[in-house]
Amino acid sequence: MLADIQPIQIWNAGQVQTATKFSLVTVYDDLDTYATTYYQLLTSDSVQLSQGNQQIEGQEYQDWNNDPDANAWILNWSATQLGITII
């Protein structure tokens, strides 16, 4: 999934650059208790400025699985964990 975000400044390769896009994919899901996602913060030209993995488990994992719009739910959950705002 790819979403536009409120621009944020990120130190990358010795300079401050602006991320305006957020990419998120699920890289592992045991379909029962937890999943791992991979995120990227990107420039408007899709240059990667930051990346990492997040793990979701417990009640949050259950909430995600029970939500009728699971894609929007996990995208918003991840953005909240990172402190970014989807626009």
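Between ASP29, ASP63, ASP45, where does the largest GNM mean-square fluctuation fall for the chain, given springs only between Cα atoms within less than 10 Å?
Comparing ASP29, ASP63, ASP45 in a Gaussian network model of the chain, the most mobile one is ASP45.
Here are a few candidate values for semi-axes √(5λ) of the Cα gyration tensor in Å: (1) 32, 13, 9; (2) 26, 13, 10; (3) 42, 22, 9. Which one was actually calculated from the structure I just gave you?
(2)
Which residues' amide hydrogens lie under 5 Å from the amide hydrogen of LYS21, considering only partners 5 or more residues apart or on another chain, with H built in the peptide plane?
Distant-sequence amide H within range of LYS21: ILE5, LEU42.
Given a cut-off of under 8 Å on Cα pairs at least six residues apart, what relative contact order in percent is computed for region 2-82?
This gives 20 percent for region 2-82.
Test of understanding: in a Gaussian network model of the chain with alpha carbons linked when under 10 Å, which of ALA72, ALA13, ALA35 would top the mean-square fluctuation ranking?
ALA13
Since every read-out is calculated from the coordinates, none of them should be taken as a lab result. Keep in mind that what you see is a predicted model, and the values were worked out from it rather than measured.
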